[in-house]
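Q: Right, I'll just put the structure down here and ask away after.
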Amino acid sequence: MSSATAAKAVKEDPFAALTASSIPVDPGPVIAAGRRSWPRWLGTIISFAVLVAALYNLHWIELSTLQALLPSDPRFWLVYAAYYLLGPVSEWIIFRRLWNLPPSGIVPLLRKKVSNELLLGYLGELYFYSWARRHANLVAAPFGAIKDVTIISAMTGNAITLTMLLFAAPWLLGLVAGLDLDVSQQAIAYSTGFIALSSLLVFVFRRRVLSLPKEELRFVFLVHGARAILNILLLATLWHLALPLVALLWWAILSLTRQLVSRLPFVPNKDVIFASLAIFFVGGDGTIPALMTLIAGIVLLTHLIVGAVTSGIEIVHNLNREAA
């Protein structure tokens, strides 16, 4: 509408002036501003939930018991740092390639890890998505990349599990039967079939499910594959440094077996099975529970510290930004 036409319309209808002054010509920026506000509030809510969960879980940690179990070898802590940071660092490498993520991007990836561990699985992905939406200078539409990276991560784990089952199924079935564990061959068969079927469906419908280019998907798969292998080796080294009397090879076999058992969906009592396998491989009814308690306690304590610090900083930053 031209200015002359608008002036004529106002003269004929006095209420047109009020309407023209109260309604913006282009409401798009107002709607966009409202849409941009929800990721910040979602990030604040998740950060607050992580902070509450971190404080709540403090009562599960017996610091005196944990301190008595701590090894004095400084190499243990170097390996543990690499073990804990392996996931966030590998994801930073991926998103560095996809989005040119700066080094500071490791902080939301750490918070993503803690959100998944202390709250709910994949809640960390939701938090990271809200963080990416608040940093539109990195990527305009982050959902597709986060979805693809999450799916490829699961498919990589499935591929490694199926490969291990292909070579170790007879040995595993014989070991389970020999130790008289409450695991049926049907449970292992159903688990294998479920893993294979889910992976096959993703592969068949990959063009509809995945959105990244083939080169990027291949890169993501390779990074996750290297991460899975390093995770097995680092955990075995961590156990070996805590109990050096047991050879590293046995810890590596145990770590590999743990990876296999943990990914079988229809196998019950995974913790009991793993404890029995651990005693079979390395012996010592008292040392194995103590070692598992040590690693679990250190990981939980690290989650609490990382979650409390990063979530507190996030909450203060978002509230200050909202007040400004």
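Q: If I filter the stretch 266-277 for residues that are hydroxyl-bearing (Ser, Thr, Tyr) and either touching a helix residue (DSSP H, G or I) at 6+ places or on another chain (Cβ under 6 Å) or under 26 Å from residue 142 (Cβ atoms) (or both), do I get at least one hit? Step through it out loud before you land on a result.
A: Of the residues in the stretch 266-277, the ones hydroxyl-bearing (Ser, Thr, Tyr) are 276.
Filter once more, keeping what is either touching a helix residue (DSSP H, G or I) at 6+ places or on another chain (Cβ under 6 Å) or under 26 Å from residue 142 (Cβ atoms) (or both): none.
Checked against the condition, which is being hydroxyl-bearing (Ser, Thr, Tyr) and either touching a helix residue (DSSP H, G or I) at 6+ places or on another chain (Cβ under 6 Å) or under 26 Å from residue 142 (Cβ atoms) (or both), the stretch 266-277 yields no hits at all.
Q: Here's something else I'd like to know. For the stretch 254-275, give me the residue count where each residue is assigned to a helix (DSSP H, G or I), more than 19 Å from the chain's Cα centre (by Cα) and more than 19 Å from residue 170 (Cβ to Cβ). Full working, then the answer.
A: The initial filter retains those residues of the stretch 254-275 that are assigned to a helix (DSSP H, G or I), namely 254-262, 270-275.
Still in the list and also more than 19 Å from the chain's Cα centre (by Cα): 254-257, 261, 270-275.
Retained after the next criterion (residues that are more than 19 Å from residue 170 (Cβ to Cβ)): 255, 270-272, 274-275.
Qualifying residue count for the region: 6.
Q: Something else: For the stretch 259-271, what are the residues that are in contact (Cβ under 8 Å) with a residue 24 or more places away in the chain and either in contact with a Phe, Trp or Tyr (Cβ under 7 Å, 6 or more places away or on another chain) or not assigned by TED's automatic domain parsing to the domain that holds residue 175 (or both)?
A: Quick first cut of the stretch 259-271, residues in contact (Cβ under 8 Å) with a residue 24 or more places away in the chain only: 259-260, 263-269.
Within the stretch 259-271, 265, 266 meet the criteria.
Q: A follow-up question, please. Kindly provide the set of residues from the stretch 255-281 that are closer than 22 Å to residue 230 by Cβ and hydroxyl-bearing (Ser, Thr, Tyr), ordered by number.
A: Those that are closer than 22 Å to residue 230 by Cβ and hydroxyl-bearing (Ser, Thr, Tyr): 255, 257, 262.
Q: Turning to a different aspect of this structure: Looking only at the stretch 120-152, count every residue that is closer than 15 Å to residue 221 by Cβ, surrounded by fewer than 20 Cβ atoms within 10 Å (Cβ to Cβ) and within 11 Å of the chain's Cα centre (by Cα) and tell me the total.
A: 1
Q: Another question, then. Kindly provide the set of residues from the stretch 231-247 that are in contact with a Phe, Trp or Tyr (Cβ under 9 Å, 6 or more places away or on another chain) and not β-branched (Val, Ile, Thr), ordered by number.
A: As a first pass, look at the stretch 231-247 and keep what is in contact with a Phe, Trp or Tyr (Cβ under 9 Å, 6 or more places away or on another chain): 231, 234-243, 246.
231, 234, 235, 236, 238, 239, 240, 241, 242, 243, listed by residue number.
Q: Over 22 Å from the mean Cα position of the chain (by Cα), surrounded by 12 or more Cβ atoms within 10 Å (Cβ to Cβ), modelled with pLDDT under 90 and over 15 Å from residue 267 (Cβ atoms), is that true of residue 183?
A: Working: over 22 Å from the mean Cα position of the chain (by Cα): yes; surrounded by 12 or more Cβ atoms within 10 Å (Cβ to Cβ): yes; modelled with pLDDT under 90: yes; over 15 Å from residue 267 (Cβ atoms): no.
It is false that residue 183 is over 22 Å from the mean Cα position of the chain (by Cα), surrounded by 12 or more Cβ atoms within 10 Å (Cβ to Cβ), modelled with pLDDT under 90 and over 15 Å from residue 267 (Cβ atoms).
Q: For the stretch 186-219, give me each residue that is among the small types (Gly, Ala, Ser) and closer than 25 Å to residue 266 by Cβ.
A: Filtering the stretch 186-219 for residues among the small types (Gly, Ala, Ser) gives 187, 189, 191, 193, 196, 198-199, 211.
187, 189, 191, 193, 196, 198, 199, listed by residue number.
Q: Considering only the stretch 269-278, how many residues are buried (at least 16 other Cβ atoms within 10 Å of the Cβ) and closer than 19 Å to residue 246 by Cβ? I'd like the intermediate steps shown before the answer.
A: Here is the first cut: in the stretch 269-278, the ones buried (at least 16 other Cβ atoms within 10 Å of the Cβ) are 273-274, 276-278.
If we keep only those that are closer than 19 Å to residue 246 by Cβ too, we end up with 274, 276-278.
Result for the stretch 269-278: 4.
This table checks each residue for (1) among the charged types (D, E, K, R); (2) buried (at least 19 other Cβ atoms within 10 Å of the Cβ); (3) at pLDDT 85 or above; (4) not assigned by TED's automatic domain parsing to the domain that holds residue 154.
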site: 37; (1), (2), (3), (4): no, no, no, yes
site: 85; (1), (2), (3), (4): no, no, yes, yes
site: 91; (1), (2), (3), (4): yes, yes, yes, yes
site: 97; (1), (2), (3), (4): yes, no, yes, yes
site: 109; (1), (2), (3), (4): no, yes, yes, yes
site: 118; (1), (2), (3), (4): no, yes, no, yes
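Q: Being out of contact with any Ser or Thr (no Cβ under 8 Å at 6 or more places or on another chain) and of a type in the set (Val, Ile, Thr) is the filter here; which residues of the stretch 90-135 pass it?
A: 93, 94, 106 - these are the residues of the stretch 90-135 that are out of contact with any Ser or Thr (no Cβ under 8 Å at 6 or more places or on another chain) and of a type in the set (Val, Ile, Thr).
The values are calculated or read from the model by the stated rules, or taken from the named source; none is laboratory data. What you are looking at is a predicted structure, and each value in this text was computed from that prediction instead of being measured. Cβ atoms come from the backbone with ideal geometry, glycine included; neighbour counts cover every protein chain shown.
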